[in-house]
Structures are given as structure tokens and as C-alpha cells.
Amino acid sequence: WAEKYRKPERVELKLICPLKITLTVNSSRDTYIRWHQFWFPGWQAAIGKVPLEVTPSPVLGLVTVKVPAGEHTVKIWFGDTLPRKVGKALALVGALLTLILLWQIKSRRGLLVLLLPMALWFALWGWHNLRDSTCVRPVNVEAEFEGKVALLGLNFKRGDEAAEATLYWMALEPLEENLTAFVHLLGPGGERISQHDGPPGESFSPTTRWEPGEIIPDRHIIPIPS
């Protein structure tokens, strides 16, 4: 891991979800991909049904996946571990016992107080996910800056008063200075309508902390003038 990073020839983002990422990696030699998430037990990766080794990066403890040479579709996701499964099972048993106890003592009011907020929460959660999915399919860009940083993709979402642009950077080499991203919104004639300039990751991910192979989502909110 301490040797010079062997960057892949091409990385294409397919699907980005909060706890699941799918991407295509094309490399003539063994390499690795780091996702901008802290490693916890439960992070897994695979090429098809073949599992890949997932470890924390040596500096920040980021999710790091070793990828063999060739062209592969790599899936990275956060799954369950045995302690989490046991905890979920105990929580479910506790909830069922509570419902049975309330039913036996004929506490209809207690049942309503317990079930109505749960039903409302599930309804709101389902409506939110139908209206605004948390998963995105970025537009692939494939731009490289001085061999140090690559812009892999872009996701753009427009609202009534502002637009949201998420850039997906990939660090290729360690950076010695903190860089700023300039995001401009252009009109039909190429004129600049609005812009948002700032450090990547809303100042929480300065470029001097980027690790080689790391993919960093970088969100910018751009106001839309009337």
C-alpha cells in the first residue's frame, strides 16, 4: 500500500447510493479504489459473485477495495455483520413481545400510540423515496488535471431557486496545496448566469487530505437568479 499508486486507465461510475456503489474499473495492472467513507465492519465488495478484499486505508481509514487487472464491474456496499443481525433480531422480538403484552392487557390506546407513529413514519419514508430517490447515475466526464486529479462524473439537479451539482473527483497523486472548485452555470449563449466557488466537500475534504485512489463526492449549491 505504501508504493506509488498505480492508477487505472478508466473508472466509470454506474450507480451511487448512500451505502452502495457500482462502478466499472479498467486497469492493465492490479490497483485499488477508495470510497470517501470511513471503513466499518460490514463494508463488502465483489466482482460478480467473487468477493474482493476490503480494508481501511492507512491514513484516514477509508473504504479501500483491491481490484485485479482487467475490466470489471465492481460493487461496493455496506452489509450486515453477525452482531447487527443479532441486534435486529432482539429488537424485533422485543417489539413483538410489547405488542402481545398490550394486546393481552387490552390496552387499545397503547397499541394506537405505538402503531400510528410507526405507520406514519413508514408512509413518509416511502413517499420520500418515491418522490426523490437517494440513488443517482452520474454523467461520466473523464477529465484529468495535470495527472493529479480526475473528474469522473457529474450529477446535476435543478430546483426553483437553486441548482445542485455534485462532482465526483478521483485523487491520482498526493496534493500539496488545498485547491478550490469553480462551478459556473451558463446560459444559452454561454454567458455566466451564476456560480459557486469553494473547497471540495464544503470545506470538510481539503485536497491535501485526499488519498491516491480516493473518489470524493463534491456538492455545490448554485443559486438561480430570477
| said: Please enumerate, by chain and number, the lysines with C-alpha under 18 Å from the C-alpha of Lys157, excluding those fewer than 8 residues away in the same chain. | reply: Lys14
| said: Can you give the local net charge around Ile193? Use residues other than it whose beta-carbon is closer than 14 angstrom to its beta-carbon, Lys and Arg +1, Asp and Glu -1. | reply: 0
| To the nearest 0.05, what FRET efficiency results for Asp197 and Arg137 with a Förster distance of 35 Å applied to their C-beta separation? | 0.85
| task | Using a 1.4 angstrom probe on heavy atoms only, work out the carbon and sulfur share of the accessible area of the chain in %. | result | 62 percent
| How do Val113, Val141, Val67 rank by accessible surface area computed with a 1.4 Å probe, from largest to smallest? | Val113, Val141, Val67
| query | Working out 0.36 nm times the residue gap between Glu53 and Val86, then minus their Cα-Cα distance, what length gain in nm do you get to one decimal? | reply | 9.4 nm
| note | Per-residue ellipticity at 222 nm attributable to helices in the chain (runs of n ≥ 4 DSSP H, -39500 (n - 2.57) apiece, nearest 500 deg cm²/dmol) works out to -7500 deg cm²/dmol
| message | If you count only protein heavy atoms with a 1.4 Å probe, what accessible area per residue comes out for the chain, rounded to a whole Å²? | response | 64 Å²
| query | What lysines sit close enough to Lys7 to cross-link, taking a C-alpha to C-alpha distance under 26 Å and skipping anything fewer than 8 places away on the same chain? | reply | Lys20, Lys49, Lys66, Lys75, Lys148
| query | Relative contact order, percent, of the chain when contacts are C-alpha pairs under 8 Å separated by at least 6 residues? | reply | 18 percent
| the chain: angle of helix 82-104 to the longest principal axis, Cα-based, in degrees nearest 10 | 30 degrees
| Which angle between 0 and 90 degrees, to the nearest 10, do you get for helix 108-131 versus the longest principal axis of the chain when only C-alpha atoms count? | 20 degrees
| request: Please give the length that would be gained between Arg158 and Ile100 if that part of the chain were fully extended, namely 0.36 nm times their separation in residues minus their C-alpha to C-alpha distance (nm, one decimal). | output: 16.1 nm
| field | Within segment 165-196: backbone nitrogen closer than 19 Å to the Phe204 label point (7 Å, Cα to C-beta) | value | 165-171, 179-181
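The values are calculated or read from the model by the stated rules, or taken from the named source; none is laboratory data. Not measured: the values here are computed from a predicted model. Ideal geometry is used to build each Cβ from the backbone, glycine not excepted, and the neighbour counts take in all protein chains shown. What goes into the accessible areas is simple: the full protein's heavy atoms, side chains included, and nothing from ligands, DNA or RNA. Shrake-Rupley method; radii C 1.70, N 1.55, O 1.52, S 1.80 Å.
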